[in-house]
Structure formats: structure tokens, C-alpha cells
Amino acid sequence: MDHNRKPVIFMDNMLTAKDRILIQVDRMSVSFPIPSTKLFYLKKQFFNALSDVSLEIRQGCTLGIVGESGSGKTTLARTLVGLIKTSAGNIKVADNIIPTRDIQFVFQDPLAALNPRLTVEQLILEPLDYQQAKIDVQLSQQKLKQIMQQVGLDYSQRQRYAHEFSGGQCQRIGIARAMITNPKILICDEPVSALDVSVRAQVINLLKDLQSLYGLTLIFIAHDLSLVRYISDDIIVLYQGRVVEQGDTARVFSHPGHPYTKALIVAEPRPDPEFERQREYAPRQSHKELKIPELACAYAGRCQYRQSRCMQAQPERIALSNKQNVACFYPLK
Amino acid sequence: MQPILAARNISVRFNTTKGIVYAVNEVDLELNKGEVLGIVGESGSGKTQLMHSLIKLLPENAVLSGQVIYEGQNILAASAAQINTIRSNDIAMIFQDPMSCLNPYLKISAQLTEAMLVNGGLSKTEAMQQAIAMLEKVQISDAALRIHSYPYQLSGGMRQRVMLAMALLRNPKILIADEPTTALDVTVQAEILQLLKQLTAEYGLSVLFITHDLSIVAGQCDRVMVMYAGNVVEKASVDDLFYQPKHPYTQGLLASAKSQSGMSDKLVSIAGQAPANNKRQTGCPFYARCNQRIDLCEQNKPVLRSNGSQSQACHLYG
């Protein structure tokens, strides 16, 4: 393995590089057995964490995955690296991708993800120990210096422990640790949610810089839309384990097709008192009294545009344009 | 007008094994009757410690100085019993994470009625009736059934509604809300914020709203205090703060918040990071990150100066 990999430059296939699909997911479902509470209840029940998910991850691009807590976004990311088994459908991975080697994670809470007993140097170099080839001390120090510099850490602080750093710096350590093995795909699971507002952009911009330097493919998971719009080329909106909308980020933001996507955009507070004073609140949909049949659209209970058809079947994915898909019977115009 | 709650010269220090931590430095605060005062700051800015000091909820190693005047009385000098009465009857709080504030072993019925039974002198049936009525008020459907749930059976948004109901049941005069929606999904957050706004108006509450998110302040507050590294750096009405921010930190924070809401093309941040709070500040605490600093700022800590309704602690404004 080449440990001094130069930044990838797609000289000969510059134009086609972005069309190259690294991971293709086709109608994939993931379900978990629900532990039975009854002793002799033999029929096993399942919780569908992901249902019928299809997506493509293109080389050098950023895919944003957005959804509320429990929508399945982390399950999706973990399934892509093979940490969770699929129960239906399949995941095709390009020949040159070995998931355990070429896909790395950056986690939400940097302090929780870093071993408190290891120094920064040990933390960043640790992933190399699990790679096949061992490298000598001199080379690893060289790599360490390079990566610490790239993520904006001071090499002279390599003997310190994670708790001595601020949240933003810990996330930089987390990113350095992920990047040390030269991954092709970086999965960032809410990498800035735990950080202060004024330092979030520093980390996002760092990820963008690393992406252009190494031709990295990014999967960016978030619970709201606020930062996704800056980093993602494509976006996927998950609701209760289903992809409700999918497409080009700019397009989805300017013309959301699914009522849920629109609700997410509208619900976001804005730092503008005048705008907030004009805000109109959507009537609260109380779905508790309403009996939603099992085969209904997953969002029917909360949807303010619900019609009778929505209660009878799960909507299939339809294309609004070549840049946007939506799973809704009555997509918004 | 006499403020309903006023704090004078509040400082909070912690004696730790690694030395003194300066959490809050000489902060003044006035909460007027019926207003919502926002306290904005990032982690470590001292906003939560300030709030805890107002009703003396600090841990044992904290050294608190200053005065908190409520109804002509200095709360900080009051006896434990007096403070408990104030906490129970006058000043209610809701917190960021409702799950860690609700007792997982008790049904919410027991937790909602506890204060009424202990301090309110109500019978169990009366207390239950009031609790159910209040759950309806915070828009929990099937309140009569749900009151028998345990906290784990409720969603995050529901739990926050229960917390709010618990706070309002004693008919307080002041509500302290510490990041009440930070742990919630954005659509649920919108619902809770709307509910809070509606109920505080209905009950004529004076609210201290603590948050790290300027966007929430825009929609919820009448006046705002911005904190940085234990200091108040700017105080203004919500419109002044958002449309003519004075302090460079407020300007930077607002630019970051705006860019994250898609109101600008580029994602903005403030370079650097907040200073460690284990030293007594001699210069301006924002000096290292400030893009408008002058020589004076390094050695001379600016005090809060007011020009009309807006005040800021910055040498740029004389």
C-alpha cells in the first residue's frame, strides 16, 4: 500500500470522475427484531429501521442525509460500511473500494469518540495499526505531522490528551484520525452538532478543503437542513426509515416537493426578528386521535395536505425532474 | 419601572483541584415584568452558571458574590427555607434535557402533583384535576390517560411539555428556560417555541430565556444579553441587536447564525476559540479573536457602556 498517497487528481477522466458511482444502494431494507415480551409468543416481530432505500454515491461528491432523530440516518450510514446487515435489497460497491479500509467515520461527539487515555499522537496513528502493512516510526511521524497540519492542529501538541482540547479541536483530531488511512469515502455523522455556532463553519470548511485536496467522497448526516446546504451536492430526506425526497441540494431547497421537506425548511428559526414576527404557524396536526392504517404513507399522520389516497397506500418514488425524486402522491409545486 | 428580578454584580468562581475557574464576572441583569430576556452565549460563556446563581443552585465549590433582588429582598442572603419557597412558588425553571430532570421511577402524575401537595395544601383529587387541566393547556392529547405514563413512554417533545406544565402549575411569576429546545427535532422545536410564547403571554410571565442559538432569540425575546467568557458584552433590544449589533463578537455570532440559516452565500465563522477561564481577565476577553481590535484592548478590559437603550463592552465605542 502506498502510504504517501499524493492528492488524487483526476487528470485523464476529469469530466467523468463525478459520474463514477462508488456505492449503489438498491431497494435496501433493514429491520431489527423486537425482543418479545411474552414468553410463548413465537411470531417474531420486526422494527423496520429502513425501508426500500435506493441511492447512489458518486465519486468526489457530497451526499447529505437529513432526518429527525429515529429516522434511520445513522443506521443507513452504518449499513453502508457493513456494520449492519441488510434484510432486503442490495448494496453494490465499486471494485476499488474495500469498506473497512476505504470508508472512515467522523462522529458527532468528538470527546466521546476519542479514548481519553491516549495522546493525540496515539489517537491519530491508531487506525494504522489495524491496516495490513506496518510502517516505521519515521514515516508515521512524517504522516502525523502532515495530517495535523492539514486539519489545523499544532504538531507540538501531539503528546496532549483529548480533554485538553476544545470541542472544535477534538473534532479536528477525529477528522485527522479518520484521514490517516487515506480513505476514499468519509462518513460524517453530525460532525458539528455538538460544536458552538461560531466554530461550526471552521470544521465544515476543513471538510470541504480536505475533499478538494484528496478528491474525497463525503456522506454528511444532519438532523436539520441548516448546514447541509453548504456542503452537499445531493441530498436525501429520510422520514421513518423511508426516503421521502432526494435530489440536487439547490433544487430541493428552492422547490421542496415533499410536505415533510417543506416543513423542515419552514420550521427552521431565522436570526431575523422581523421575519420571525411574520411567521405563521402551521396548525398542529394531532395524529394521536387519528387511526393511521399500517399501509398508509408514513407521513400521513402529520401531513397538512393529507388526502384519502394517502391513507390507503405507501407512495412510490416519482421523478419531479431529472434532478429530484419525491415519494408523495401530491407533490408540492 | 422597577424590574421584577434584578441581579447586581454577580460573580461566580469555582475552586477546583486545578485552581480557580472564573465562570461569571461582575454581571448585572434586570428582568422587567412581562418581558422575555434572552441570554445568548456559547458553551463556557457562563450563561447557565449565571442562571443557577440567581436562585442559588450552584454546587458547593462555587463562590458566589453579588446580589439578587426579588421583591425587595436579596435572595442570596435568604435562608434555605425562604429560597425553597421562592423556587416553589415564584420562580420556575425548565431545562434542556427533560429526561434527566424527570424521575424515571415515578409516573408523571406523581411528579406533577408533588409541589401542589407539599406546598399548595391541595387534596390529591384536586391536584390531579389541576395537573390534567395543565397537561391539556400544554397541548398533550388524552391528558387524563397520559398523566399515568412514565417519562420513558413519552417522546422528547412530550417530556418538554410535561416540564412546562410542571413549571406553570404553581403559577410562577418568573420562568427560567435553559435551552428548552436544544435536544429536540426542528419541527418539534417550532411547536414548543410557539407554545412557550403563547403561554408566557397568557400567564403574564417574565421569562429568562437561555440559549446558544440567536435564531431562537429573534423569535422569542424582547431584550437580549450576549455573554462571552463569563462577561456580558452587549445588551440591547432584540431589534437593535439584530439590525445594528455593536460588539464585534455579536457581529461575528450573528454573521455565523445568518450564514447557517442560508442568509448568505458563504459559511461564516469566528476564527480561533473561546479563551480558557482559569485566569483573571485583564484585557478584553474577545481580544484574540477580534477582527477590529486596537492596542488598548489587550491590557484594558472594557466595561459595559450604554448609549441609549443599547450597551456594549467594547473600546471601539469610547
Which condition number in (1) over 19 Å from B:Gln281 (Cβ atoms); (2) touching a His at 6+ places or on another chain (Cβ under 8 Å); (3) buried (at least 22 other Cβ atoms within 10 Å of the Cβ) is the one that B:Gly41 fails?
(1)
Looking for something among the acidic types (Asp, Glu) and within 10 Å of another protein chain (Cβ to nearest Cβ) - is there at least one such residue anywhere in the stretch B:279-300?
no
For B:Ile69: the one exception among (1) assigned to a strand (DSSP E or B); (2) of a type in the set (Val, Ile, Thr); (3) loosely packed, with under 15 Cβ neighbours inside 10 Å:
(3)
Residue in the stretch B:257-265 that is in contact (Cβ under 8 Å) with a residue 60 or more places away in the chain, crowded, with 23+ Cβ neighbours inside 10 Å, farther than 30 Å from B:Lys18 by Cα and out of contact with any Gly (no Cβ under 9 Å at 6 or more places or on another chain) present
no
How do the pairs read when you match residues in the stretch B:95-117 that are without any contact (Cβ under 8 Å) to a residue 24 or more places away in the chain with residues anywhere that are crowded, with 19+ Cβ neighbours inside 10 Å, using Cβ under 6 Å and keeping only pairs 6 or more apart or on different chains?
B:Thr113/B:Ala127; B:Thr113/B:Ala131; B:Leu117/B:Ala127
Out of (1) surrounded by fewer than 23 Cβ atoms within 10 Å (Cβ to Cβ); (2) modelled with pLDDT of 90 or more, what's the single condition that is false for A:Asp224?
(2)
How many residues of the stretch B:123-145 are farther than 19 Å from B:Glu191 by Cα and within 14 Å of chain A (Cβ to nearest Cβ)? The answer is 2
Looking only at the stretch A:38-87, filter to residues that are within 14 Å of chain B (Cβ to nearest Cβ) and in a loop (DSSP other than H, G, I, E, B); which one of those is surrounded by the most Cβ atoms within 10 Å (Cβ to Cβ)?
A:Gly67
Of the residues in the stretch B:245-270, those that are more than 7 Å from every other protein chain (Cβ to nearest Cβ) and in contact with a strand residue (DSSP E or B) (Cβ under 8 Å, 6 or more places away or on another chain) come to B:Pro245, B:Lys246, B:His247, B:Tyr249, B:Thr250
How about the stretch A:227-271: which of its residues are among the basic types (Lys, Arg), within 18 Å of the chain's Cα centre (by Cα) and surrounded by fewer than 21 Cβ atoms within 10 Å (Cβ to Cβ)?
A:Arg229
Check on B:Ser269, among the polar types (S, T, N, Q) and surrounded by 12 or more Cβ atoms within 10 Å (Cβ to Cβ):
yes
Quick test of your reading of the structure: A:Ile180 fulfils all but one of (1) surrounded by fewer than 22 Cβ atoms within 10 Å (Cβ to Cβ); (2) touching a helix residue (DSSP H, G or I) at 6+ places or on another chain (Cβ under 7 Å). Name the failing condition by number.
(1)
Take B:Met158 and decide whether it is within 19 Å of the chain's Cα centre (by Cα) and farther than 20 Å from B:Ala7 by Cβ.
no
Being closer than 16 Å to B:Leu31 by Cα and either within 14 Å of chain A (Cβ to nearest Cβ) or of a type outside the set (Gly, Ala, Ser) (or both) narrows it down to one of B:Ile216, B:Ile210, so name that one.
B:Ile210
Taking the stretch A:145-186 only, how many residues are over 20 Å from B:Ala274 (Cβ atoms) and touching a residue at least 24 places away in the same chain (Cβ under 8 Å)?
17
One residue is enough: does the stretch B:218-233 have a residue meeting the conditions among the polar types (S, T, N, Q) and over 16 Å from the mean Cα position of the chain (by Cα)?
no
Select from the stretch B:48-70 the residues that are touching a residue at least 60 places away in the same chain (Cβ under 8 Å) and over 15 Å from the mean Cα position of the chain (by Cα) and list them in ascending order.
B:Gln67, B:Val68, B:Ile69, B:Tyr70
So, restricting to strands (runs of 3 or more DSSP E) that lie completely within the stretch A:215-272, which ones have at least 1 residues that are within 13 Å of another protein chain (Cβ to nearest Cβ) and touching an Asp or Glu at 6+ places or on another chain (Cβ under 9 Å)?
A:217-222, A:234-239
Qualifying residue in the stretch B:81-90 (condition: surrounded by 15 or more Cβ atoms within 10 Å (Cβ to Cβ) and under 17 Å from the mean Cα position of the chain (by Cα)):
yes
Could you say whether any residue in the stretch A:142-163 is surrounded by 23 or more Cβ atoms within 10 Å (Cβ to Cβ) and within 14 Å of chain B (Cβ to nearest Cβ)?
no
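The values are calculated or read from the model by the stated rules, or taken from the named source; none is laboratory data. Nothing here was measured: the structure is a model prediction, and the numbers come from that model. Every residue, glycine among them, receives a Cβ derived from its backbone with ideal geometry; neighbour counts consider all protein chains shown.
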